[in-house]
Amino acid sequence: DTVNGVLVNPTQAYLDGLTFSSIPSSTAVTISVSVAANNSGSGNVYVIDGVQRSSLTLEVGKTYTFTHPTAHPLRFSTTSDGTHSTGSGYDADGSEYTTGVTTTTSGSTVIEVTSLTPVTLYYYCSVHSGMGGMIAVSD
């Protein structure tokens, strides 16, 4: 009259004594980045999930590995187009964002996203301007 692993008429005390734990989602994420001719202008652009200059959302507590062509080193910045920025005001004097970022392996850029990571970042090619896009950081 019973099947192993199936509760049949469990008591309230038994149910109250059950504990549950959630299985955490993976904290390591790999994002494959390719390069293609720009559909909206000249030059090349990064392509992620088939979208040119894709906007991304990264989550606090996760580590992201971006795999990319070695001829187009992917980097991060708090200014649009990173070190290529020629704007004024907020975009002036662009610099590379390096906190929690590892670039020691050619063709791979790793970023550990923490509560201290700026809520807006940009990814860009350190060699060629105009290739990247925006990143929103969320809890």
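The values are calculated or read from the model by the stated rules, or taken from the named source; none is laboratory data. Just so it is clear, the model here is predicted, and its values are computed rather than measured. Counting neighbours? That spans all protein chains shown, and the Cβs are built from the backbone with ideal geometry, glycine included. Only protein heavy atoms, including side chains, enter the accessible area calculation; ligands, DNA and RNA are left aside. Shrake-Rupley method; radii C 1.70, N 1.55, O 1.52, S 1.80 Å.
Residues of the stretch 103-119 that are more than 15 Å from A71 (Cβ to Cβ) and open to solvent by less than 30 Å² (accessible area, probe 1.4 Å): I111, V113, T117.
Within the stretch 53-70, residues that are within 17 Å of Y124 (Cβ to Cβ) and without any contact (Cβ under 8 Å) to a residue 40 or more places away in the chain have Cβ atoms under 8 Å from residues that are among the small types (G, A, S) and open to solvent by 50 Å² or more (accessible area, probe 1.4 Å) in these pairs: P69/S34; T70/S106, counting only partners at least 6 apart in sequence or on another chain.
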